[in-house]
Amino acid sequence: MILLMGVAGSGKSTQGRLFADEQGFAWISTGELLRVLITGSRRQDMLQGKLLSDEEMVNILDKILDLVDLKKEFVLDGFPRTVPQAEWLLGQAKKGRLNIDVVFNLTVSQEVSRGRLQARGRLDDIDEVIDKRFKEYDEVIQPIIALFRQQGLSVYEIDASQDPRAIRDEIWQRTKSLNIA
Ligand code: AMP
């Protein structure tokens, strides 16, 4: 499994989808999944940048993973977003259900991210919600990365302010050198 992490506007989903298309891999984006599944007031919560509870998120992902051939490589994007979610994923790896081959953390400045999101124009891409997603991400990303490193995973920071092609090439090079793709 290739884990793609990055704040909104880092291009994580663009890269995840592109990489999965090019390689013929499954692409599991929790944001996309939730936009398919979640209705009513919780959909409003999502649009305000509020995270779903860990319990609900894990429940959904657990079911989705049952639909995927976990022996084959796939891309997971948008998960984990909290330390308990990271611990759950590590637990699944420890049980042998899946293998976390590499973690890419797409880093980008708030200015670049904001510019991209405003150009994209999704309903949750307004200043207030962008600030919230940035803050949430900043607070939680370091502990998750630290936990992954402590567990001996390969974690790479990618400068996501580069143009999409350069980011794509960097992901390709890394996965090639790790014999993943
Ligand atoms: P994204 O498309 O990754 O920006 O996600 C859109 C929204 O889906 C987020 O603002 C959250 O409300 C929700 N979401 C996506 N992934 C997760 C997750 N792993 N845990 C909790 N909520 C999530």
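The values are calculated or read from the model by the stated rules, or taken from the named source; none is laboratory data. Given the structure is predicted, the values throughout are model-derived calculations rather than measurements. Quick reminder, even Gly has a Cβ in these numbers, built from the backbone with ideal geometry, and neighbours come from all protein chains shown. Note: areas computed on protein heavy atoms with side chains; ligands, DNA, RNA excluded. Shrake-Rupley method; radii C 1.70, N 1.55, O 1.52, S 1.80 Å.
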- prompt: Does Leu147 qualify as being loosely packed, with under 14 Cβ neighbours inside 10 Å, more than 15 Å from Ser10 (Cα to Cα) and in contact (Cβ under 8 Å) with a residue 60 or more places away in the chain?
  reply: no
query: What are the residues in the range 55-84 that are open to solvent by less than 50 Å² (accessible area, probe 1.4 Å) and among the charged types (D, E, K, R), if any?
result: Glu73, Asp77
statement: Counting only residues that are farther than 23 Å from Asp138 by Cα, open to solvent by 50 Å² or more (accessible area, probe 1.4 Å) and in contact (Cβ under 8 Å) with a residue 24 or more places away in the chain, the range 24-53 contains a total of 1
- request: Answer with yes or no whether Ala93 is at pLDDT 95 or above, in contact with a Pro (Cβ under 7 Å, 6 or more places away or on another chain) and either assigned to a helix (DSSP H, G or I) or open to solvent by 70 Å² or more (accessible area, probe 1.4 Å) (or both).
  value: no
query: Under 7 Å by Cβ, and 6 or more places apart or on different chains, what pairs join a residue from the range 115-126 that is β-branched (Val, Ile, Thr) with one that is assigned to a loop (DSSP other than H, G, I, E, B)?
result: none
- prompt: Just to be sure, is Asn99 out of contact with any Cys (no Cβ under 8 Å at 6 or more places or on another chain), under 19 Å from Ser154 (Cβ atoms) and modelled with pLDDT of 95 or more?
  reply: yes
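If you scan the range 115-127, which residues turn out to be within 14 Å of the ligand (Cβ to nearest atom) and assigned to a helix (DSSP H, G or I)?
The answer is Arg116, Leu117, Arg120.
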query: Only one residue in Ile158, Ile130, Ile141, Ile100 is part of a helix (DSSP H, G or I) and touching a strand residue (DSSP E or B) at 6+ places or on another chain (Cβ under 8 Å). Which one?
result: Ile141
query: Among the residues of the range 161-171, how many are assigned to a helix (DSSP H, G or I), out of contact with any helix residue (DSSP H, G or I) (no Cβ under 8 Å at 6 or more places or on another chain) and open to solvent by 40 Å² or more (accessible area, probe 1.4 Å)?
result: 3
message: Given the condition open to solvent by 50 Å² or more (accessible area, probe 1.4 Å), within 25 Å of Pro143 (Cα to Cα) and either at pLDDT 95 or above or touching a strand residue (DSSP E or B) at 6+ places or on another chain (Cβ under 8 Å) (or both), answer yes or no: does some residue in the range 1-10 qualify?
response: no
